[in-house]
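> So that we are looking at the same thing, I have put the structure below in structure tokens.
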Amino acid sequence: MRKYAEKYFSDLVGSLRSVKVSDGEGREIEIFEGLEKVAQTIVTTGSTGNKIMFVGNGASAAISSHMATDYWKNGGIRAVAFNDSSLLTCISNDYGYEHVFAKPVEMFADAGDLLMAISSSGNSENIHSATRAARIAECAVVTFSGFEMDNPLRSLGDYNFYVESPSYGPVEIIHLSLCHCLIDAVINERAKV
């Protein structure tokens, strides 16, 4: 057990160090520059009265709910996660699961909003559809993905955070950490004023 735990945390630290960030043109940028740019986008989104929308499946849905709550409660920025069980089953039944997040984005997105799209594999078609709907609504998009370096989600955002790991646990932990870092940085910056 001890050896497993030592390897697990060693691999987790390695995965954290491996995070790659790219911009909307596919250029790789340094992680702290990416965090700073996204934090600035969050500040702008909040200061203009716009909102942040979070989408994700499974554990990424839990991250989405957690972050939507933290962003509005602690960060004072309007935020919502589209993962209410009635919404999920209704939209899936009526339109198909690939549209489960795109339809709420179409309905609730305003130009200038921000979509935070989270998918461990980066291969979830419903997350891709949500990013397309956000683009049509003139929203900014930030993605969080992992597993394969060439996953489709990694090219769909204005900024794309990629965790180089083939395992759900490390990818999810790091996605949550990145989202926490962003709102905590915004809160910290406001405290200085």
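> Within segment 51-73, can you find the residues that are part of a helix (DSSP H, G or I), farther than 12 Å from ASN83 by Cα and out of contact with any Cys (no Cβ under 6 Å at 6 or more places or on another chain)?
Within segment 51-73, THR69, ASP70, TYR71, TRP72, LYS73 meet the criteria.
> If you don't mind, another one. Evaluate segment 7-22: report whether one residue or more is among the hydroxyl-bearing types (Ser, Thr, Tyr), under 13 Å from ASP158 (Cβ atoms), assigned to a helix (DSSP H, G or I) and at pLDDT 95 or above.
Scanning segment 7-22 turns up no residue that is among the hydroxyl-bearing types (Ser, Thr, Tyr), under 13 Å from ASP158 (Cβ atoms), assigned to a helix (DSSP H, G or I) and at pLDDT 95 or above.
> Another question about this same structure. Of the residues that sit in segment 39-69 and are surrounded by fewer than 18 Cβ atoms within 10 Å (Cβ to Cβ) and not polar (S, T, N, Q), which one is farthest from the chain's Cα centre (by Cα)?
The residue in question is GLY49.
> Taking GLU25 as the residue in question, decide whether it is in a loop (DSSP other than H, G, I, E, B) and acidic (Asp, Glu).
Spelling it out, GLU25 is indeed in a loop (DSSP other than H, G, I, E, B) and acidic (Asp, Glu).
> List the number of the failed condition for SER129; all other conditions in (1) assigned to a helix (DSSP H, G or I); (2) closer than 19 Å to LEU176 by Cβ hold.
(2)
> In addition: For segment 87-107, name all the residues that are aliphatic (A, V, I, L, M), in a helix (DSSP H, G or I) and surrounded by 13 or more Cβ atoms within 10 Å (Cβ to Cβ).
Within segment 87-107, LEU87, LEU88, ILE91, ALA102, VAL105 qualify.
> Within segment 152-173, can you find the residues that are surrounded by 22 or more Cβ atoms within 10 Å (Cβ to Cβ), touching a residue at least 40 places away in the same chain (Cβ under 8 Å), aliphatic (A, V, I, L, M) and in a helix (DSSP H, G or I)?
Across segment 152-173, the qualifying residue is only VAL171.
> List the pairs whose first member sits in segment 1-29 and is loosely packed, with under 15 Cβ neighbours inside 10 Å, whose second member is in a helix (DSSP H, G or I) and among the hydroxyl-bearing types (Ser, Thr, Tyr), and whose Cβ atoms are under 7 Å apart, counting only residues at least 6 apart or on separate chains?
From segment 1-29, the pairs are GLY26/SER155.
> Examine segment 136-145 for a residue that is free of Cβ contacts under 8 Å to residues at least 24 places away in the same chain, out of contact with any strand residue (DSSP E or B) (no Cβ under 8 Å at 6 or more places or on another chain) and loosely packed, with under 15 Cβ neighbours inside 10 Å, and state whether such a residue exists.
No, segment 136-145 contains no residue that is free of Cβ contacts under 8 Å to residues at least 24 places away in the same chain, out of contact with any strand residue (DSSP E or B) (no Cβ under 8 Å at 6 or more places or on another chain) and loosely packed, with under 15 Cβ neighbours inside 10 Å.
The values are calculated or read from the model by the stated rules, or taken from the named source; none is laboratory data. What you see is a predicted model; the values in this text were computed from it and never measured. Don't worry about glycine lacking a Cβ; one is built from the backbone with ideal geometry, like all the others, and counts go over all protein chains shown.
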